[in-house]
Structure formats: structure tokens, C-alpha cells
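Q: Got a structure for you, written out below as C-alpha cells; questions coming shortly.
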């Protein structure tokens, strides 16, 4: 397994990608303390949550975040 496949590496890469579009990826730290993987959400520059808050806050996985970014930040032609 290469380093680029580690969750921390993927998260850094996704955060850089999201920043190009004025988006921020948030991670719920409290869930990690309880022994569960932290969930994620995406917000825009006006602090509105765009993805990851349904059915509950920070419900998106890292794979969900990556899919959402690819689908919603594609260059327009």
C-alpha cells in the first residue's frame, strides 16, 4: 500500500482540491475520541454546509466527500 492511499494523505489532497473552489472539509473530532472514525462535511465560504449533514451532522465518509467533490466541481464547458 502506497502512502497516497492512506486516509491522512487522501484528506490532505481533498482539502487542497476543495480549497481551489472555496470549499472547506470539516471533520468531527469528537467521534474519533469515542473510538469511531470521524465523519466529514463540506462547507462553502459563507459557512453553509453543502454536503454531509443529512441524515445527521458529519455523516459523510471520506469516499462520499471525494465523490461529491468530483461530481460538483467539474470544469464547465
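The numbers here are math on the coordinates, done by the rules we state, and not lab data. The model shown is predicted, which means the values in this text are computed figures rather than measured ones. Glycine also receives a Cβ, built like all others from the backbone with ideal geometry; neighbour counts cover every protein chain displayed.
Q: Could you calculate the FRET efficiency of residue 10 with residue 46 from 1/(1 + (r/R0)^6), where r is the beta carbon distance between them and R0 is 30 Å, rounded to 0.05?
A: It comes to 0.70.
Q: Between residue 21 and residue 70, what is the spin-label point distance in nm, taking each point 7 Å from the Cα along the Cα→C-beta axis?
A: 1.3 nm
Q: A further question on this structure: Could you line up 13, 43 from fewest to most neighbouring Cβ atoms inside 10 Å?
A: So the residues, fewest neighbours to most, are 13, 43.
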